[in-house]
1. So if I take the alpha carbon set of chain B, get Rg, then get Rh from the Kirkwood formula, what is the Rg over Rh ratio?
2. Taking 7 Å along the Cα-to-C-beta vector as the label spot, tell me the B:Lys211-B:Arg33 distance in nanometres, rounded to one decimal.
3. Applying a 10 Å radius around every beta-carbon, put A:103-109, A:82-88, A:35-41 in order of their mean neighbour count, most first.
4. As I understand it, the dipole of chain B uses +1 on the Cβ of Lys and Arg and -1 on the Cβ of Asp and Glu, about the Cα centre. Which of B:Met255, B:Ala63, B:Ala276 lies farthest toward its positive end?
5. Scan chain B and hand back the longest stretch that contains none of the GluC sites (Glu not before Pro) lying in DSSP loops with at most 10 other Cβ atoms within 10 Å.
6. Could you work out, residue by residue across A:5-12, how many beta carbons of other chains sit within 10 Å of that residue's beta carbon, and then give the average as an integer?
7. If DNA, RNA and ligands are ignored and the probe is 1.4 Å, what is the ranking of B:Val95, B:Val27 by accessible area, most exposed first?
8. Which three extents, in whole angstrom, do the alpha-carbon atoms of chain A cover along their principal axes, largest first?
Amino acid sequence: MKVELLTPERKLFLEKKVDYIEFPSKSGYLGILPEHLPMIGILDIGILKLIKNSKKEKYALEGGFFQWKDEKLTLLSKLAWRPEELKRKELEKERKEAFEILKSSSSPEEVEEAAKKYSRASVFLTIAEG
Amino acid sequence: MRNLQEYRRRITSVKDLIQVTKAMKTVSAARLRRTQNKVINFKPYAAKIRDMLAHLASTIPEAHPLLSPTPEEKPLLLVISSDKGLCGSFNYNIVKESEKYIKEREGLRLMVVGRKGEEGLKRIHPIEKTFKNIFFKLNFSHAMEITKILIDGFKKEDWDSVFIIYTQFFSAARHYPTIERFIPIGGVKEGEYEECIYEPSEKEVVDDLIKHYIELEVWRILLESSTAEHAARMIAMDQATRNAQDMVKDLTLEMNKLRQEKITKELLDIVTAIEAMKKTQT
């Protein structure tokens, strides 16, 4: 089966052949094996994992859509990064800032926003290299 | 009459000007290429999203509010201009086109992208919001921000339709202001598609996908306008360079004439003096 990852600003890869795909959908991580039924859905913030000949590859995704059709998964992510493009220091700073807001703020909107930022930074930090 | 010194000074200052306009032309050409690349990268993505939307439009039982026609009695107009000048008639055309549209419509609300549009339109119609300095580092989050405002206002019934005036880019020498209806979305083709699973649910997918589709359209328009702006600036600067070069040529010619005149006069003086001296000797 094949997988492709596109964002409005660039193509990360097209028609990559893999054995197993795991990606963040809105209702939790989904794993796809060949011969799955056709599917359309929303992507969440999280990590895309690809396995090919027991070699793992990871990418950070931030929202978007996916479509599984004819043994091909198309990931249309609003923003996506390779691990080497994520800046560890920036993410740590973002996480800290979000944490401060979570501790001090009382408005539910702000808390929701900060919680989102906090989890985004935490998830991306797990694969960040730079 | 001018003296030689003045000519020399003017020629040097025009030559300096040429360097500036030439540099600006090179910068605009590089930026034009960069934005054009962004447009190329964006196309396959947009095509896939449109495909998905067409798929969904054919399966949902009732039309989504953003897809169904409205009376268009309370329109919002979004004008896309630029932040910087020196790009020929780029902003002038946009402002003129918007002015025409504003005068035709009553009860219109106005938002502007870019400083130049704000400067040109604030005398004609009150502006509710201006997005400034987004072209300096244009990225997709700008499109997301603008779309959020457009959709939130539509949901609150502040406006029932959104129109956008922007500069459509055909080629470096051809770009014109155009008006497009944005919301409600029109022209989504319905196709025949097989059944499929929706994750997490059909309604959520439809809502999000339509919103994202509008984000993409905003992004496309920002990119197109930015491409046209760079092209307009490149051409304006090219023209300016050529004009300045002509000016240097003319000035040099005039200066040489003046110098020759001066030399002739001096020679004449010397010759007359010699003649006079000869006469007195004999």
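The values are calculated or read from the model by the stated rules, or taken from the named source; none is laboratory data. Since the model is a prediction, treat every value here as computed from it, not as a measurement. FYI the Cβ positions are ideal-geometry reconstructions off the backbone, even for glycines, and counts take in every protein chain you see. Heavy atoms of the whole protein, side chains included, go into the accessibility calculation; ligands, DNA and RNA do not. Shrake-Rupley method; radii C 1.70, N 1.55, O 1.52, S 1.80 Å.
1. 1.30
2. 3.9 nm
3. Highest-to-lowest ranking by the protection proxy: A:35-41, A:82-88, A:103-109.
4. Among B:Met255, B:Ala63, B:Ala276, the one farthest towards the positive end of the dipole of chain B is B:Ala276.
5. B:196-282
6. That average works out to 6.
7. Descending order: B:Val27, B:Val95.
8. Here the spans come out as 49, 30, 27 Å, largest first.
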